[in-house]
1. What are the residues in segment 128-146 that are buried (at least 16 other Cβ atoms within 10 Å of the Cβ) and among the charged types (D, E, K, R), if any?
2. So which residues in segment 54-88 are in a helix (DSSP H, G or I) and aromatic (Phe, Trp, Tyr), if there are any at all?
3. Out of segment 187-222, which residues are within 15 Å of Ile40 (Cα to Cα) and surrounded by fewer than 18 Cβ atoms within 10 Å (Cβ to Cβ)?
4. Would you tally the residues in segment 102-127 being surrounded by fewer than 18 Cβ atoms within 10 Å (Cβ to Cβ) and in contact (Cβ under 8 Å) with a residue 40 or more places away in the chain?
5. Going by the conditions given, is Thr150 loosely packed, with under 14 Cβ neighbours inside 10 Å, modelled with pLDDT of 90 or more and touching a Lys or Arg at 6+ places or on another chain (Cβ under 8 Å)?
6. Please work out which one of (1) under 30 Å from Arg149 (Cβ atoms); (2) loosely packed, with under 15 Cβ neighbours inside 10 Å; (3) modelled with pLDDT of 85 or more is the condition Pro38 fails and give its number.
7. Pick out the one residue from Ala244, Ala231, Ala198 that is at positive phi and not polar (S, T, N, Q).
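The values are calculated or read from the model by the stated rules, or taken from the named source; none is laboratory data. As the structure is a computational prediction, the values presented were derived from the model and not from experiment. Note that we place each Cβ from the backbone using ideal geometry, even for glycine, and neighbour counts take in every protein chain shown.
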Amino acid sequence: MAPLSVIDLTTDLKDHLTALPTELQHQIFDILLPSHEPDIAYLPGIRRDRLHPIYQVAATCRSLRDQVDSWSHHWLKSHAAITRYRDDQATSSGRKILVRKAGLRGVLQFVKSKCVFCGMTTKHSAVFANGLRCCVKCDKQQWPDKITRTAAKEKYGLKDNQLLPARHPAVHHNHPQSILAMSKSPFQKPRYGTCVIANVQTTMFLEADVHRLAQQVYGGHLELYWERREAEREERKRKKEVSACKELDKVNLSKVDLEWIKINEPFRYAKETGGSKEVAARELRDLMGQVGVTVGDLRIGATGLRSLFNLSF
């Protein structure tokens with residue numbers, strides 16, 4: 001088997017694109033059609049009516065323009081169920097029906113005003129292919145497992161530099177020049193798109209891509225990470241409940257102490273609670289009346305108290 005020849009595109013002026021088979025050229029046009037700008041919601045100044053890449057290919061040479069026209073005709077005809085495209089036909093009177101949606105202009109006119117899945121007129125763009133129009137219903141049907149960046153970070157424990165390494169590169173503070181190298185994440189980048197929901201720019205991912213990224217980040221042990229995180233969450237909840245119970249016991253104990261002080265030490269209770277001394281004096285007289293002690297008894301001194309109450313101290 002002869003070795004493959006290496007083509008140097010900087011010196012070899014041969015046109016390799018037009019040399020490709022027609023089927024491969026049409027596949028290239030299929031890939032170029034759903035142009036996607038993933039950060040379009042964060043770029044309000046971007047022109048949505050700028051020249052489509054397929055127009056640029058068609059303007060390269062006559063051969064590619066003919067191929068683009070051929071592909072456009074085939075695309076409209078193969079999707080005739082939703083594009084309602086028909087070839088020129090002769091009517092009974094001999095006149096031909098005018099085909100308004102023909103060529104590349106017809107293709108781009110359709111994908112910029114009609115849902116590419118059902119043909120309904122819409123202004124909603126597909127989240128993961130915002131170069132195409134797609135109604136909300138078809139968007140949910142075609143990409144049912146969308147997940148927001150916030151939900152992806154909470155559910156899978158991922159960081160911004162793992163989900164969006166180009167937008168949030170991981171940089172060491174000691175080596176800021178390594179920003180380009182660190183932006184090249186070793187993990188497979190998840191597909192994403194941006195849209196505006198309730199006047200807020202939102203980044204959406206496919207959950208299957210996020211799940212695969214999380215498996216790579218945790219070395220294939222994503223379930224173990226979930227189990228450990230749930231155990232840590234339960235432990236924090238238990239500690240919080242224990243702390244709350246201790247605080248409640250302190251509050252209840254302090255209430256009991258205050259009640260005892262209020263009954264037995266009115267002046268101390270008034271001092272700690274900011275109460276009136278007159279109220280404390282009245283409560284003290286009531287307390288003395290309950291035990292049968294008068295003010296005169298308090299003036300007889302320690303010897304008189306011992307003899308009055310038969311105390312031995």
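1. Within segment 128-146, Arg133, Asp139, Lys146 qualify.
2. Tyr55, Trp71, Trp75
3. Of everything in segment 187-222, those that are within 15 Å of Ile40 (Cα to Cα) and surrounded by fewer than 18 Cβ atoms within 10 Å (Cβ to Cβ) turn out to be Arg191, Val196, Ile197, Asn199, Val200, Gln201, Thr202.
4. Final tally of qualifying residues: 1.
5. Judged against the criteria, Thr150 is not a match.
6. (2)
7. Result: Ala198 is the single residue among Ala244, Ala231, Ala198 that is at positive phi and not polar (S, T, N, Q).
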